[in-house]
Amino acid sequence: MIFQDKDKNVHIEAEELILGNNLKYGRDIYIKVKGTFKIGDNSFIGDRFKATAEEIIIGDYFFNVPTDSRGMFIGGGGSNFPYSKLKIGHRCVCHTGHINLASPVTIGDDVGLSHDVDIITHGFWASVLEGYPRSFKEVKIGNNVIIGWKTVIMTGTEIADDTVIGSHSTVTKSLLEKKAIYAGTPAKLIKRIEEPSVAQKISMLRDIVEDFNHLMSHYSVPKFYIEANYPYIKINNLTLDVKQLTYEG
């Protein structure tokens, strides 16, 4: 199956092609997948997005937009292997970088890959018969993870849920403690994340509302009513629950 938009130089090809509702895309996109390529609803594939693999499954609300002349590259060495499979969850963001697929890569929900993040699933050079190292191993990234600029994630590593990886880090071993901040080369535990008290959250929410009002004063938007009463923010007839991450209205 092939999807093409010649005006934008877009070519998407797969044995099974599943494109979600309200999918938007930029220019100069080339995707060729031997098996299934699936991308969920309300997603955006930005300019200069290149991918080759056995299988790519991407969830809803995927967002990719490069902010410079580079793009996102998925595949590379080993991308014709039967285990070159990429799975990305819902509500994930990436900009520019490289995901190598000599081995599988699994990325959870609500994950952000900052600019120039590289995920490497293999490494070798000289002969193993002469004692030199080689590695072909899967990489797993949990849910609610942000990975800082120019970070490299090496083969065989796993990153736990609810973690922050500082910019210019190198992840050489699995980072398995949740709700933690890691940074450095090699990446090490820097700080554990502690949830603010209710009083602190109330103060934070009021600051957010104040900042939002200040921001909106610079734009021509209709007048609105807004108030904060933790865990709710009410904007006209819309009510946001920042604890349950739900809304009404």
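Some observations on this one:
- Taken about its Cα centre, the chain carries a charge dipole of about 380 debye when Lys and Arg each add +1 at the Cβ and Asp and Glu each add -1 at the Cβ.
- Ranking of K8, K223 by solvent-accessible surface, largest first: K223, K8 (1.4 Å probe, protein heavy atoms only, all chains present).
- Axis angle, to the nearest 10 degrees, between helix 198-216 and the longest C-alpha principal axis of the chain: 90 degrees.
- When Rg and the Kirkwood Rh are both derived from Cα coordinates, the Rg/Rh ratio for segment 201-249 amounts to 0.98.
- Dipole of the chain, positive end: most advanced residue of G40, I58, T157 [Cβ charges, Cα centre]: T157
- Taking Lys and Arg as +1 and Asp and Glu as -1, the other residues whose beta-carbon sits under 11 Å from that of D47 total +3.
- Overall, segment 107-198 carries a charge dipole of about 320 debye about its Cα centre when +1 sits on the Cβ of Lys and Arg and -1 on the Cβ of Asp and Glu, all other atoms neutral.
- Dipole axis of the chain (+1 Lys, Arg; -1 Asp, Glu on Cβ), positive-most option in L17, L113, I202: L113
- For segment 10-134, the calculated P(r) over all alpha carbon pairs, in 10 Å bins from 0 to the bin holding the longest distance, is 14, 45, 30, 8, 3, 0 percent.
- Share of Cα-Cα pairs in the chain lying beyond 32 Å, as whole percent: 33 percent
- Extension gain for E130 to V221 (0.36 nm times residue separation, less C-alpha to C-alpha distance): 25.9 nm.
- Antiparallel content of DSSP bridges confined to segment 142-249, in %, to 5: 65 percent
- Modelled spin labels at E15 and D211, positioned 7 Å past Cα toward Cβ, are 4.8 nm from each other.
- Along its three principal directions, the equivalent ellipsoid of segment 1-75 from the Cα gyration tensor extends over semi-axes of 17, 14, 12 Å, largest first.
- Within the shell defined by Cβ-Cβ distances under 13 Å, the residues around T96 carry a net charge of 0, with Lys and Arg each +1 and Asp and Glu each -1.
- Max mean-square fluctuation residue, GNM over the chain, Cα-Cα springs under 10 Å, options R70, R206, R91: R206
- From phi via Karplus (6.51, -1.76, 1.60), per-residue ³J(HN,Hα) for segment 237-245 in Hz, x at Gly/Pro: 9, 9, 10, 9, 9, 7, 8, 8, 6
- Accessible surface of the chain, 1.4 Å probe, proportion on carbon and sulfur as whole %: 54 percent
- Distance between the C-alpha centres of segment 182-249 and segment 130-164: 30 Å, rounded to the whole angstrom.
- Sum of -39500 (n - 2.57) over DSSP H runs of 4+, divided by residues of the chain (222 nm, nearest 500): -2500 deg cm²/dmol
The values are calculated or read from the model by the stated rules, or taken from the named source; none is laboratory data. Please read all numbers here as calculations on a predicted model, not as lab measurements. Note that we place each Cβ from the backbone using ideal geometry, even for glycine, and neighbour counts take in every protein chain shown. Areas reflect the complete protein model, heavy atoms only, side chains present, ligands, DNA and RNA absent. Shrake-Rupley method; radii C 1.70, N 1.55, O 1.52, S 1.80 Å.
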